[in-house]
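Let me begin by presenting the structure, written as structure tokens, before commenting on it.
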Amino acid sequence: MLDLIGLGCRIAEIRASKGITQETIALELGIPRTAVSRLENGQRDISYAEMRRLAEVLRVNPDELAQVDRYLEKLAYYRRTKPELVTEGLEKVNEIIEMMLGYEQLYRRFGLGDNI
């Protein structure tokens with residue numbers, strides 16, 4: 001069974017490192033951008049066919065996407081050896097989440113609903 005959160009983090013890491021947007025992934029896979037976001041947040045499962053297509057879009061081997069254990073080991077290593085980097089990174093993530101929640105409230109306020 002796949003660790004969806006670890007897989008999502010791995011996908012987001014690879015996508016960001018290659019400068020590919022969630023929108024691009026969504027268009028290539030034929031799914032909504034929100035589905036890509038849910039995938040990266042570990043809230044959506046991925047089929048084998050989608051995993052293969054995603055690997056093509058990201059220009060990686062499908063096995064590289066599944067190397068979740070290595071990613072989690074790296075995160076654990078940094079938590080032990082350089083906790084300030086992890087803390088700083090989490091603070092940035094929290095800032096981004098707060099900003100996104102603000103946008104979500106604006107969208108809802110102006111009746112744009114789920115167009116975020």
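Where a number appears in this text, it was derived from the coordinates with a stated rule and is not lab data. The structure presented is a predicted model; accordingly, all values stated were derived computationally and were not measured. Here Cβ is always computed from backbone atoms with ideal geometry, including for glycine, and neighbour counts include all displayed protein chains.
Here are the numbers for the structure shown:
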| item | result |
| --- | --- |
| Rounded to the nearest 20 debye, dipole of the chain from Cβ charges on Lys, Arg, Asp, Glu | 80 debye |
| Phi-based couplings in Hz for the stretch 15-30 (Karplus 6.51, -1.76, 1.60; Gly and Pro marked x) | 4, 5, 5, 9, x, 9, 8, 4, 4, 4, 4, 4, 4, 5, 8, x |
| R0 of 25 Å, Cβ-Cβ distance residue 44-residue 93: FRET efficiency to nearest 0.05 | 0.85 |
| All aspartates and glutamates inside 20 Å of residue 74 as judged from Cα atoms, apart from same-chain residues fewer than 8 positions distant | 3, 13, 40, 63, 64, 84, 88, 91 |
| Spin-label model distance (nm) - residue 3 vs residue 64, 7 Å beyond Cα toward Cβ | 2.0 nm |
| Length added when fully stretched, residue 80-residue 31, from 0.36 nm per residue minus Cα-Cα | 13.9 nm |
| Estimated vicinal HN-Hα couplings, Hz - the stretch 45-51 in sequence order (Karplus 6.51, -1.76, 1.60; Gly, Pro = x) | 7, 10, 7, 4, 4, 5, 4 |
| Estimated vicinal HN-Hα couplings, Hz - the stretch 32-42 in sequence order (Karplus 6.51, -1.76, 1.60; Gly, Pro = x) | x, 4, 5, 5, 5, 4, 5, 4, 5, 8, x |
| With at most 13 neighbouring Cβ atoms within 10 Å, loop trypsin sites (Lys or Arg not before Pro) (DSSP) excluded, longest segment of the chain | 60-116 |
| Angstrom value of the Kirkwood radius, inverse mean 1/r, which spans all Cα pairs in the stretch 4-81 | 12.6 Å |
